[in-house]
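Working notes for the structure below.
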Amino acid sequence: MPNGIALAAVAGILENARACGAGRLRRAVSRAVVDHRDLREFPVGAVQILSHFAQRPGQPILFVEGGNDNGDGSSQTKIYNSLFPQKETYLSLEDELLKQRLERIREIEELGYRAYGRRYDFTHTVPGILAGYGAKTAEELVPEVRVRVAGRVMQLRHMGKAGFAHLQQDGERVQIYVRKDAVGERDFKLFKMLDIGDIVGVEGCLFRTRTGELSVHAETLEFLSKTLLSMPEKWHGLEDVETRYRQRYLDLIANPEVRKVFVTRARIVSSLRRQLEERGFIEVETPMMQPLYGGAAARPFVTHHNTLDIDLYLRIAPELYLKRLVVGGLERVYEINRNFRNEGLSTQHNPEFTMLEFYQAYTDYRGLMDLSAELLARTALDATGSATVEYDGRKLDFSRLERYSMRESVAHFWEGEDRPTLEDVRDPEWLSRHSGKATAGEALTDIFERTVEHKLIQPAIIYDYPVETSPLSKSKSDDPAFVERFEIYAAGMEIGNAYTELNDPREQRRRFEMQLAMRERGDEEAHQMDEDYVRALAYAMPPTGGEGIGIDRLAMILTGSRSIRDVILFPLLRPEGPIGLADLMRGLEPR
RNA sequence: GGGCGCGUAGCUCAAUUGGCAGAGCAAGUGACUCUUAAUCACUAGGUUGAAGGUUCGAUUCCUUCCGCGCUCACCA
């Protein structure tokens, strides 16, 4: 290719004039070429090259003229770049690493191994080896312990005719020692070809190295899977937040603590399941695609079913379906699954998030408070090994849930001189003095949110909410301005919401109609009329307590994560655009 | 949606006032049969997120756009 030759010639000339890598020149040329101007003035800097050359007649010419760096701007380097027509000639997009790895695959197969292997029957896992033999001395390993173990190569240290590697499995690592005279010519050739990130199987005996590390003395190697891309750096791991979320698999490989977070999350969910099962709750699954949405105040996602030709909503809550089941006699039900709310994103909000909701017939919000205290204490213990966890430098004790009524909390957490008394907090005049909201209830909620919410670091229950902000809860019989509802707070976040369920179909009809009126006025978050739900209540629902616990936020607190995205494996991000790997691979495909 | 910040090699990070884009790890070649962030020598690797603008000259200054983070608003 003529232009390629020209480039080589330029490189040669510059090599003589000054030690200058071909890569550097290529970049300089490509910069000029990209501009595609006939004349481009270039900085002189310290460049002291005067070189010019012509290719063959009629071919593009690169003319480089240099001067001294005299600092007064009088000397310039000019590149007359007459038309290198295809910049691709110079901007090679080939990925050297990928090319090398594909070549590696060929070599591995030439040796008689599969680059992408089949079943490997291991006798031990890496964590199993560490747990079983990590405490044994060299002498105790003398009756030979043979193991077959597989894992991902995370570190490699070659030393001529021997070498060490660390295999990672389930987030833990064991060292293997491979020497030529132990594994033979062919396996040792394979060992020398390994890249960090490859997955291999090793058979051999356990021993301790001179420095005392438990290791597998390899006798045979099996190749199981080839990495084509390079792993994140061994020391710092993967730190780029965006890459960590987009390529969570890399995050999990490179950052052991991330794995722990998701293991803890799994423990939280299984602990809650087990505790609810023990109390006679059964797990159910209700529709995620709903013709009518309800159970919370939020904007939904809309989708469409083709055959029925109807729009459906991704559920914002399972509440109304779960209560239908209570009507049907499933007196203790729970569901752990995703809700979808079409809202902004933040460190505490992901558009899809996981909620536990449970309903228990014949109890009320007082009963649920006691149950919540037990559930949370036990979950913290099961997930972290302690009912006390540290979050953001504060110790949170889940074994004792503080309880305040909303009014008490305002008085209790007030900062400043004019701390209100409990009498003040129920005085409409005092409330309107401290909030611009129209009604006393809304004002109380407003004041609570501004002065109390962020101070609820210790796990706490706030109970008795104004009726205005709680459309689905049953009113307190002795104070109809308030409802039997509580929320659970910890680390300044709301993590749960519960109430004595409204089970009077007449009242429910009235509240739906109020919501409908709000919809008419353009409130997208107002409830729709769900007449089937009213019909269900009309068959009589037992008095019931219902509660929702945000699993993601609970997981944040119990894992010490500051962002909800750190406890969701694949948080919602904008699509990243073309990756280009498929094109690269296609370009390197042998034909 | 508003405000602030970030974007440089596969990864982690430098780059003086606007003046030749560098290092470590990873990669390639060679040496090394107990290393462990192995070591030693050499090599390669860049559209400085993208597009414009200012300038003799831009990673650096300006504008717009893209992506991410924090924050406010919205939202439980």
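Look at the range A:107-127: where a residue is under 19 Å from A:LEU194 (Cα atoms) and touching a residue at least 24 places away in the same chain (Cβ under 8 Å) and a partner is in a loop (DSSP other than H, G, I, E, B) and basic (Lys, Arg), sitting 6+ places away or on another chain with Cβ atoms under 9 Å, you get A:ILE108/A:ARG114; A:ILE108/A:LYS226; A:ALA115/A:LYS226; A:TYR116/A:LYS226. Candidates in the range A:427-438 are the residues that are part of a loop (DSSP other than H, G, I, E, B) and open to solvent by 50 Å² or more (accessible area, probe 1.4 Å); of these, the one that is modelled with the highest pLDDT is A:ASP427. Scanning the range A:444-456 for residues that are farther than 21 Å from A:ILE495 by Cα and either touching a residue at least 24 places away in the same chain (Cβ under 8 Å) or crowded, with 19+ Cβ neighbours inside 10 Å (or both) turns up nothing. Looking across the range A:563-591, the residues that are under 12 Å from the mean Cα position of the chain (by Cα) and within 11 Å of RNA strand B (Cβ to nearest atom) come down to A:SER563, A:ILE564, A:ARG565, A:ASP566, A:ILE568, A:PRO571, A:LEU572, A:LEU573.
Of all residues in the range A:160-174, those satisfying the criterion of being more than 29 Å from the chain's Cα centre (by Cα) and more than 14 Å from A:LEU221 (Cα to Cα) are A:GLY160, A:LYS161.
Quick one: is A:TYR404 within 30 Å of A:SER561 (Cβ to Cβ), open to solvent by 30 Å² or more (accessible area, probe 1.4 Å) and more than 30 Å from the chain's Cα centre (by Cα)? Answer is yes for this residue. Listed here are the strands (runs of 3 or more DSSP E) enclosed by the range A:117-236 that have at least 3 residues being within 20 Å of A:ASP251 (Cα to Cα) and touching an Asp or Glu at 6+ places or on another chain (Cβ under 9 Å): A:146-159. Does A:ARG273 fit the bill of being loosely packed, with under 15 Cβ neighbours inside 10 Å, away from RNA strand B (no atom under 13 Å from the Cβ) and either within 30 Å of A:HIS305 (Cα to Cα) or at pLDDT 95 or above (or both)? Judged against the criteria, A:ARG273 is not a match. Against the numbered list (1) modelled with pLDDT under 95; (2) touching a strand residue (DSSP E or B) at 6+ places or on another chain (Cβ under 8 Å); (3) open to solvent by less than 60 Å² (accessible area, probe 1.4 Å); (4) under 30 Å from A:ARG186 (Cβ atoms), A:ASN255 comes up short only at (4).
The one condition from (1) out of contact with any strand residue (DSSP E or B) (no Cβ under 6 Å at 6 or more places or on another chain); (2) in a strand (DSSP E or B) that A:PHE448 does not meet is (2). Within the range A:233-249, being farther than 25 Å from A:ARG118 by Cβ and open to solvent by 30 Å² or more (accessible area, probe 1.4 Å) holds for A:GLU233, A:LYS234, A:TRP235, A:HIS236, A:GLU239, A:ASP240, A:VAL241, A:GLU242, A:THR243, A:ARG244, A:ARG246, A:GLN247. In the range A:521-535, the count of residues that are at pLDDT 95 or above and in a strand (DSSP E or B) is zero.
The values are calculated or read from the model by the stated rules, or taken from the named source; none is laboratory data. Small disclaimer: the values here were computed from a predicted structure and weren't measured. Cβ coordinates were reconstructed from backbone atoms using ideal geometry, including for glycine residues, and neighbour counts include every protein chain displayed. Heads up: the accessible areas ignore ligands, DNA and RNA and are worked out on the full protein's heavy atoms, side chains in. Shrake-Rupley method; radii C 1.70, N 1.55, O 1.52, S 1.80 Å.
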